[in-house]
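Report on one structure; see the data block that follows.
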């Protein structure tokens, strides 16, 4: 992904969000201790914030990274599976709906404690666990993310944070959304059940498959 395209789309999304609040650049930027001139540069696509500033934006306004990076991750993600999970309760009532919800709760409660843990893990360990689950070695992932092996090792060791382009490359490699990857940093998650972010992608897929099976046999 070209950085220029990321800057442009991020800038458009940021401007659309600010304008939806009816705030001037001066008021909006003051909320996250930024400069209106830097904000203007973001909105015009001239530059992109580093990860720390990006997360500060998300947490200040309690918005998902997915909103600010909308249209930049067209692949299927865990968000699609979460929507599919929610749709399974459509048309179910009474005890049948309760049985499905209770089953999902039991699965999530037990599975989040299955090693290797995602629950409470910092970003570096999160990247490492996702890479191991995907079956990629560190050289393969570094190539997909267009960074050096040493840089990827730095991400996994939490020596330094990935750039936003690298965040999107990681998301594409693992077929996840930015919110899922960055969950350890976020004060608010948009999942109906925040514990979804503590499940590994394969566990989310299994939850969906088992829920479909149970739904069809109620």
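Taken together, the values in this text are just the output of simple stated rules run on the coordinates, not laboratory data. What you see is a predicted model; the values in this text were computed from it and never measured. Using ideal geometry, Cβ is built from the backbone for each residue, glycine included, and neighbour counts are taken over all protein chains shown.
Here are a few things to note about the model shown:
- For the chain, relative contact order (Cα pairs under 8 Å, six or more residues apart, normalised by length) works out to 27 percent.
- Listed candidates (i) 36, 18, 14; (ii) 32, 23, 14; (iii) 35, 23, 14 - label of the one calculated as semi-axes √(5λ) of the Cα gyration tensor in Å: (ii)
- Rounded if a/c under 1.5, otherwise prolate or oblate - the range 3-68, Cα gyration tensor axes: rounded
- Extension reserve of the residue 153-residue 193 stretch, reckoned as 0.36 nm per residue once the Cα distance is removed: 11.3 nm
- Between the alpha-carbon centres of the range 93-161 and the range 31-50 there is a gap of 31 Å.
- Contour excess over end-to-end distance, with Cα ends at residue 84 and residue 136 and 0.36 nm allotted per residue: 16.0 nm
- On Cα atoms only, tilt of 164-174 relative to the major axis of the chain in degrees: 20
- Here the label points at residue 95 and residue 3, each 7 Å from Cα along the C-beta direction, are separated by 6.2 nm in the simple model.
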